[in-house]
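One structure below.
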Amino acid sequence: MREALEKIRSEALAAIAAAQESAALESLRVRYSGKKGELTGILKMMGKLSAEERPKMGQLANDVRTALEAAFTARAAELADRALAAQLKSEAVDVTVPAAPISVGHQHPLTIVINEVCTIFEAMGFETVEGPEVEYDYYNFEALNTPPNHPARDTQDTFYFSDNMLLRTQTSSVQVRTMEHRKPPIRVIAPGRVYRSDAVDATHSPLFHQIEGLLVDEGVTMADLKGALDVFAKGMFGARTATRFRPHHFPFTEPSAEMDVSCFACGGEGCRLCKGEGWIEILGCGMVHPNVLRGCSIDPEKYSGFAFGLGVERVALLRYKIDDMRLVYENDERFLRQF
Ligand code: DAH
């Protein structure tokens, strides 16, 4: 029995010292000291020893058990230390590596233009408001003096949800919504998306942006319209910008006009940007039609107003010399970074 115990001691100690992983160490523990382990097996045979031998063997067995326990514990600690060191090494962070650059974005060219226009009008006392893009036929057409079958609807075909609900074709719808719940004096500016069923090309998109303006008060005349829009044009395109108004037709204004600004590339002499004209068309405008006022319960005998609608893409494309409208929607960073 002595030899058996000594053998277990030397074998087990060698195996423990050689164990490279805690799992291997654990299976050694089971093999030698476990309930069905080799050491336990020998202890069970103690009963067969003589009374004289038993205490000696008992002592030796205890020594062996204690030695194995100590070896297991020490080796386990070593392996744990080693595993931790390896993990620390593999997960090490090199704090001296320069940080990845954080790229800070900036506003989209369309947003830049919208904010500039709104800021200029806000300085003149206009308040920026918004209206829904999914709109009733009533606000988009009917209340803007454009009844069903009016020819002006042909140029503004859009996407219908039902007979009376559509994607708005113009921000002019916000005029009516505003006048319905506000009493004059009214001064609002309404930027937003509008939709038309146009095929995509360099100058068309089924989604684009407009900015609507509306002013209603007592004694408002065409002179106020021209004055306000002239201030806007100078603020937007430079102090030397001249404006000119050409008669036009919109169902919801009377009289109606289109406003041109002197070309901000050539100053009016004629260049590629203005196609030799010296002038660039910027917006539609006019005096709010009495029918529109009346429909919003505003007395046209007492009040008058002017309105205008500006195409945001048009201004952005001209200002930044962008020759294809699709670029402003594709959001290619190489394009956007330029603004
Ligand atoms: N809504 C018109 C369009 O989309 C633009 C417009 C013209 C707006 C005259 C106005 C206006 O407010 O008075 O073509």
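The values are calculated or read from the model by the stated rules, or taken from the named source; none is laboratory data. Please read all numbers here as calculations on a predicted model, not as lab measurements. Because the Cβ atoms are built from the backbone with ideal geometry, glycine has one as well, and the counts that use them run over all protein chains shown. The accessibility values were calculated without ligands, DNA or RNA, using every heavy atom of the protein model including side chains. Shrake-Rupley method; radii C 1.70, N 1.55, O 1.52, S 1.80 Å.
State the number of residues belonging to segment 163-180 that are away from the ligand (no atom under 14 Å from the Cβ), among the charged types (D, E, K, R) and in a loop (DSSP other than H, G, I, E, B).
1
Restricting the search to segment 266-306, which residues are in contact (Cβ under 8 Å) with a residue 24 or more places away in the chain, more than 24 Å from residue 250 (Cβ to Cβ) and either open to solvent by less than 30 Å² (accessible area, probe 1.4 Å) or aliphatic (A, V, I, L, M) (or both)?
Listed by number, the list holds a single entry, 273.
If you check 294, 272, which single one turns out to be away from the ligand (no atom under 15 Å from the Cβ), closer than 23 Å to residue 151 by Cβ, assigned by TED's automatic domain parsing to the domain that holds residue 178 and basic (Lys, Arg)?
Just one listed residue meets the conditions, 294.
Within the group 176, 97, which residue is at pLDDT 90 or above, surrounded by 15 or more Cβ atoms within 10 Å (Cβ to Cβ) and of a type in the set (A, V, I, L, M)?
It is 176.
Name the pairs: first residue in segment 12-37 and more than 16 Å from residue 73 (Cβ to Cβ), second residue open to solvent by 30 Å² or more (accessible area, probe 1.4 Å), Cβ to Cβ under 7 Å, at least 6 apart or on different chains?
Final answer for the pair search is 31/38; 37/30; 37/31.
Which ones in segment 141-157 are without any contact (Cβ under 8 Å) to a residue 40 or more places away in the chain and surrounded by fewer than 15 Cβ atoms within 10 Å (Cβ to Cβ)?
Within segment 141-157, 147, 148, 149, 151, 154, 155 meet the criteria.
Would you mind stating whether residue 102 is modelled with pLDDT under 95 and more than 16 Å from the ligand (Cβ to nearest atom)?
yes
Among the residues of segment 245-262 satisfying the criterion of being charged (D, E, K, R) and surrounded by 15 or more Cβ atoms within 10 Å (Cβ to Cβ), which is farthest from the ligand (Cβ to nearest atom)?
By that ranking, first place goes to 260.
If you check 160, 138, which single one turns out to be more than 21 Å from residue 325 (Cα to Cα), open to solvent by 60 Å² or more (accessible area, probe 1.4 Å) and within 16 Å of the ligand (Cβ to nearest atom)?
Of 160, 138, the one residue that is more than 21 Å from residue 325 (Cα to Cα), open to solvent by 60 Å² or more (accessible area, probe 1.4 Å) and within 16 Å of the ligand (Cβ to nearest atom) is 138.
Mind listing whichever residues of segment 193-244 are within 13 Å of the ligand (Cβ to nearest atom) and assigned to a strand (DSSP E or B)?
Result: 193, 194, 195, 208, 209, 210, 211, 212, 213, 214, 215, 216.
Looking at segment 306-324, which of its residues are within 16 Å of the ligand (Cβ to nearest atom), among the charged types (D, E, K, R) and out of contact with any helix residue (DSSP H, G or I) (no Cβ under 8 Å at 6 or more places or on another chain)?
314
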